[in-house]
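Pasting a structure below so you can have a look.
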């Protein structure tokens with residue numbers, strides 16, 4: 001596999017990937033240290049957040065819990081103990097779920113990944129179609145309506161959009177459930193595909209609506225540039241109709257840049273997913289991370305933060321690699337800058 005990529009990408013390009021990989025490792029270490037410091041000095045007491053509010057517990061029991069979790073040690077000892085455990089594949093035990101962090105993160109990430117990828121694909125396709133219409137009918141009523149729709153949705157946070165859809169389809173019309181990723185009172189192994197899909201639709205619609213707006217604006221801007229190019233103007237002068245111009249010139253010169261922008265938007269996609277999951281109480285990586293932060297569950301918070309950062313970094317790196325492979329001018333500019 002390594003030899004295949006080495007022959008396909010070349011030595012120079014593989015060196016760039018190595019540099020990006022080292023940059024990613026440094027980024028993850030810095031992020032973990034920052035989260036550790038913020039959690040250490042946070043006013044949230046992990047023991048009190050872990051315990052039920054009205055439970056009676058003696059100071060000795062509190063001290064025993066802190067000793068069991070290693071909270072009585074200095075911060076640097078806690079951090080390096082966690083770091084060495086991570087290198088051995090041990091992410092620790094979640095204080096909130098009483099289960100291995102890796103198992104919780106794996107399940108939550110799978111839910112989030114499916115949610116984000118489906119909304120990412122639909123928003124990319126629909127955004128490309130709307131952006132194409134807006135570009136071809138530039139400054140017409142169609143363009144103005146599409147722009148108004150895009151600018152309106154871009155200014156709406158994901159949690160607000162989720163609440164609007166929840167009120168309309170969950171409370172008023174009662175078409176979809178108001179929350180959770182599975183029905184209440186049913187074991188996870190007994191949940192059918194249709195039941196999961198029923199709970200999945202509203203969070204997916206929330207992310208899709210917001211993603212369409214970004215994809216539409218990027219597509220419109222890129223296509224207007226392509227439509228004003230010399231070869232398109234020549235095709236118009238030659239008598240080609242709109243479909244011929246789109247098929248021969250516009251599509252192939254705009255679909256790749258739009259796809260690259262979609263990959264680069266993984267960070268925004270994950271941020272919107274976290275807000276949508278919190279609104280619908282959907283068991284995904286974002287909602288688990290929020291709960292871990294509120295409850296002071298440091299092992300789970302660090303595990304979710306690392307996995308989500310890795311996901312975003314992979315999206316950005318994919319966008320960089322695609323842009324350099326498909327547009328050699330970018331690679332030449334980077335080589336000159338180095």
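The values are calculated or read from the model by the stated rules, or taken from the named source; none is laboratory data. For clarity, every value in this text was computed on a predicted model and none was experimentally measured. Cβ atoms come from the backbone with ideal geometry, glycine included; neighbour counts cover every protein chain shown.
Find all pairs meeting these conditions: Cβ atoms under 6 angstrom apart; at least six residues apart or on different chains; first residue within the stretch 63-85 and touching a residue at least 40 places away in the same chain (Cβ under 8 Å); second residue not in a helix (DSSP H, G or I).
78/70
Evaluate the stretch 134-141: report whether one residue or more is surrounded by fewer than 20 Cβ atoms within 10 Å (Cβ to Cβ), in contact with a helix residue (DSSP H, G or I) (Cβ under 9 Å, 6 or more places away or on another chain) and within 26 Å of residue 314 (Cα to Cα).
No, the conditions are met nowhere in the stretch 134-141.
In addition: Residue by residue through the stretch 21-71, note down the ones that are surrounded by 15 or more Cβ atoms within 10 Å (Cβ to Cβ), at pLDDT below 80 and under 30 Å from residue 314 (Cα atoms).
If the condition is that a residue be surrounded by 15 or more Cβ atoms within 10 Å (Cβ to Cβ), at pLDDT below 80 and under 30 Å from residue 314 (Cα atoms), then 39 is the only one that fits.
Name the residue that is farthest from residue 208 (Cα to Cα), counting only residues in the stretch 128-142 that are in contact (Cβ under 8 Å) with a residue 12 or more places away in the chain and not in a loop (DSSP other than H, G, I, E, B).
Of everything passing the filter in the stretch 128-142, 136 is farthest from residue 208 (Cα to Cα).
When you scan the stretch 232-310 for helices (runs of 4 or more DSSP H) that lie fully inside it, which ones turn up with 2 or more residues that are more than 18 Å from residue 95 (Cα to Cα) and at pLDDT below 80?
It comes to 242-245, 251-264, 266-280.
Look through 254, 229 and report the one residue that is out of contact with any strand residue (DSSP E or B) (no Cβ under 7 Å at 6 or more places or on another chain) and surrounded by fewer than 20 Cβ atoms within 10 Å (Cβ to Cβ). Break it down stepwise before answering.
Numbers: 254 fails: surrounded by fewer than 20 Cβ atoms within 10 Å (Cβ to Cβ).
Criteria check complete, one pass: 229.
Taking the conditions exactly as written (closer than 25 Å to residue 27 by Cα, in a helix (DSSP H, G or I) and either in contact with a strand residue (DSSP E or B) (Cβ under 8 Å, 6 or more places away or on another chain) or modelled with pLDDT of 85 or more (or both)), does residue 317 satisfy them or not?
It is false that residue 317 is closer than 25 Å to residue 27 by Cα, in a helix (DSSP H, G or I) and either in contact with a strand residue (DSSP E or B) (Cβ under 8 Å, 6 or more places away or on another chain) or modelled with pLDDT of 85 or more (or both).
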